[in-house]
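The values are calculated or read from the model by the stated rules, or taken from the named source; none is laboratory data. Given the structure is predicted, the values throughout are model-derived calculations rather than measurements. With ideal geometry, Cβ positions are generated from the backbone for all residues, glycine too; neighbour counts draw on all protein chains shown. SASA here: full protein model, heavy atoms, side chains in, ligands and nucleic acids out. Shrake-Rupley method; radii C 1.70, N 1.55, O 1.52, S 1.80 Å.
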Amino acid sequence: ADIMGDHSLMCMADGNPYRRTHWHDASYRVWAAMLKSVGFSVRIEPSNALLSDSQKRPDLIIHDNSASSPQTFIDFITCVVAKSTNVTRGASLPGAAADNGAADKLSRWTDLVQAQGDKFVPIAQEDGGYLNQEALALFDEAAQRAGGTPGEQQAFRTYWRQRIAVANATGVAAVIRQRTPVCSGAHWPLQPHHFT
């Protein structure tokens, strides 16, 4: 009934807790580890970071300890290419779902964050692994901050892109596995049948 796992990834009838914990949270925590590895000061899911009463909580904030420097608010979104709002463009344009997810985050966060003098960066990752341009720019900034020789920077890029890709693929697989459709009618549990 759901051979590609699309329904398992998209259905929110039960709130889809596995999508949040196994895919979304696990993925942005890899980003936090990567940013910390190059010396960024990163807070995970900070409360009361926005001065407005929006009750929004970013997934990550990059900050230094200077009161005069703006903080970078980061909110992560997982995107399913097969979603009805993505599927037409996504079928012919790689990254279309990530672009849609990033645009959604920008519309919800930018004004609030900029009103207090800070910066907002969305990270949108598709179930197939594509990332939005703002996320790739942040990744490049981290790689440059890592310093070292060109070979060392390439090693950094390869290592962390693999970690990000593995977290994404593992999360997607875990959601699908946890939400495999199961028949629950009178014929469940299944009994073996023998035919002669």
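Tabulated data for the structure shown
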{"quantity": "Cβ-based net charge around Arg163, under 14 Å, with every Lys or Arg adding one and every Asp or Glu removing one", "calculated": "+4"}
{"quantity": "Two-decimal Rg/Rh across region 1-55, once Rg and the Kirkwood Rh are taken from alpha-carbon atoms", "calculated": "1.13"}
{"quantity": "Ordering of 119-126, 45-52 by burial proxy (mean other Cβ atoms within 10 Å per residue, highest first)", "calculated": "119-126, 45-52"}
{"quantity": "Portion, in percent, of the accessible area of the chain that falls on carbon or sulfur, probe 1.4 Å", "calculated": "54 percent"}
{"quantity": "Set of aspartates and glutamates near Lys105 by C-alpha distance (under 13 Å), chain-local residues within fewer than 8 positions excluded", "calculated": "Asp59, Asp75, Glu134"}
{"quantity": "Rounded to 5, percent antiparallel among DSSP beta bridges of the chain", "calculated": "50 percent"}
{"quantity": "Mean Cα-pair separation over length for the chain, i.e. relative contact order, pairs under 8 Å, 6 or more apart, %", "calculated": "25 percent"}
{"quantity": "Share of pairwise Cα separations in the chain, more than 27 Å, in percent", "calculated": "38 percent"}
{"quantity": "Under 13 Å, Cβ to Cβ, from Asn48 - net charge with Lys/Arg +1 and Asp/Glu -1", "calculated": "+1"}
{"quantity": "Whole-number D in µm² s⁻¹ for region 35-127, Kirkwood Cα-pair radius fed into Stokes-Einstein, 20 °C, 1.002 mPa s", "calculated": "150 µm²/s"}
{"quantity": "Axial C-alpha extent at least 24 Å, average Kyte-Doolittle at least -1.0 - helices from the chain (DSSP)", "calculated": "96-115, 150-178"}
{"quantity": "Between region 49-83 and region 22-39, the alpha-carbon center distance in angstrom", "calculated": "14 Å"}
{"quantity": "Amide hydrogen neighbours beyond the local backbone of Ile77, cut-off 5 Å, H modeled", "calculated": "Ile123, Ala124, Gln125"}
{"quantity": "The chain - accessible surface per residue (Å², probe 1.4 Å)", "calculated": "57 Å²"}
